[in-house]
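First the structure, in the form of structure tokens, and then the observations on it.
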Amino acid sequence: MTLKEIAEILNAALITDSEYPDINIQNACSADMMSAVLYYHTPNSLLITGLTQPHVIRTAEIAGIKTIVFVLNKKPDDSTIELARQKNIPLLSTPCCMYTASGRLYQAGLPGCLNK
Amino acid sequence: MALNISGAIEGSFQLIGGNFATAGEASTQLKLKLTNLGVHEDIIRRAAIATFEAEMNVIIYAAAGRLHYYITQQSIKIRVEDMGPGIEDISLAMQEGYSTAPEWVREMGWGAGMGLPNMKKNSDKFSIDSVVGEGTTVEMVINFS
């Protein structure tokens, strides 16, 4: 699933400025606990979260996450955005809550990181 | 798989407790080092996750610590020693979901009780030694094949 498709499904705005046309997201996880994100890890995945601190970006980088969606229209501060730019991880913000964002993407064919 | 390693590569990072601003930097640098050596990305991710969890434990719980790595053709060995409170009951701490993290740490997204289980899950060899009031040492080996 491309970044453009994800943004459309979630009615999400791109926070970081690049288009990242090459990103192909293959699965997703939803979590506010960073160790849960690290537990799920799979390559080319999407993280749906309500946390916006810079260590979310570091966790994403370590776990192989290629894109992050912040729920409830949350906007990270400049330090988080700058770190995401450095790590080439695009950030999106959706008005959806975590449950709805996850459901919409799952319904559109994006599976979970854990196949169970 | 042939790696660009002759002999062994080793080094260490100093970790400062409570320093969330740069938390994860040691793991990120180690990940980059493994990438440059040509290690397979699945192995790198496991090593990076195990290292990151260990690094975060030092940042969250200890005053300070040191992360030491030793890379050969066959594997990476990571040892993380800290000057922290120690763990009273290691078998309890190894249970998924058990955590002694304070509320402010949980609000930052840590303290889910998955740290030590994640380290063990991503390592081929895992050992932990802890003395209450002195500190904790974690050793992990991740094989390259």
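Taken together, the values in this text are just the output of simple stated rules run on the coordinates, not laboratory data. Quick caveat, the model's predicted, so the values are computed rather than measured. All Cβ positions, even for glycine, are placed from backbone atoms using ideal geometry, and neighbour counts span all protein chains on display.
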Original post:
Tell me, what HN-Hα J-couplings in whole Hz come from the Karplus equation 6.51 cos²θ - 1.76 cosθ + 1.60 at θ = phi - 60° for each residue of the stretch B:100-109, using x for Gly and Pro?
Top reply: 10, 5, x, 4, 5, 6, 5, 5, 8, x
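Among B:Val141, B:Val131, which comes first, second and so on when ranked by fewest other beta-carbon atoms within 10 Å? Provide the component values of the computation, followed by the final result.
Values: B:Val141 18, B:Val131 10.
If I rank by nearby Cβ atoms, fewest first, I get B:Val131, B:Val141.
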Original post:
In Å, the Kirkwood hydrodynamic radius of chain B over pairs of distinct alpha carbons?
Top reply: 15.3 Å
**OP:** Determine one quarter of the surface area of the Cα convex hull of the protein assembly as shown, which equals its mean projected area, and express it in nm² to one decimal.
**Re:** 13.6 nm²
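In what order do A:Ser30, B:Ser99, B:Ser127 fall by count of nearby beta-carbon atoms within 10 Å, going from fewest to most?
Working: A:Ser30 23, B:Ser99 20, B:Ser127 12.
By the 10 Å Cβ count, ascending, the order reads B:Ser127, B:Ser99, A:Ser30.
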Subject >> Candidates A:Gln53, A:Gln26, A:Gln86, ranked by Gaussian network fluctuation over chain A, Cα under 10 Å, top entry >> reply: A:Gln86
Original post:
For the protein assembly as shown, what is the percent of antiparallel DSSP beta bridges, rounded to the nearest 5?
Top reply: 70 percent
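Remind me, what semi-axes does the stretch A:3-107 give for its equivalent ellipsoid, largest first in whole Å, using sqrt of 5 times each Cα gyration tensor eigenvalue?
Values: eigenvalues 56, 48, 39 Å².
Square roots of five times the eigenvalues give 17, 15, 14 Å.
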**OP:** Could you compute the FRET efficiency for B:Val131 and A:Asn11, with r as their C-beta to C-beta distance and R0 at 51 Å, rounded to 0.05?
**Re:** 0.45
Original post:
Whose amide H sits under 5 Å from the amide H of A:Ile23, counting only residues 5 or more places off or on another chain, with H placed in the peptide plane?
Top reply: A:Leu3
Original post:
If you line up the long axis of helix B:41-61 against the longest principal axis of chain B, both from Cα atoms, how many degrees apart are they, to the nearest 10?
Top reply: 30 degrees
Original post:
Between the helical axis of B:25-36 and the dominant principal axis of chain B, each derived from Cα atoms, what acute angle in degrees is found, rounded to the nearest 10?
Top reply: 20 degrees
Original post:
Counting only residues 5 or more places away or on other chains, whose amide H sits under 5 Å from the amide H of A:Leu92 once H atoms are built in the peptide plane?
Top reply: A:Ile15, A:Ile68, A:Val69, A:Phe70
Original post:
What is the set of long-range amide H partners of B:Gln73 at a cut-off below 5 Å, with H atoms built 1.01 Å from backbone N?
Top reply: none
Subject >> Pairs from A:Lys87/B:Lys31; B:Lys33/B:Lys77; A:Lys66/B:Lys120; B:Lys77/B:Lys120; B:Lys33/B:Lys121 whose Cα-Cα separation, in the structure shown, is over 20 Å >> reply: A:Lys66/B:Lys120; B:Lys33/B:Lys121
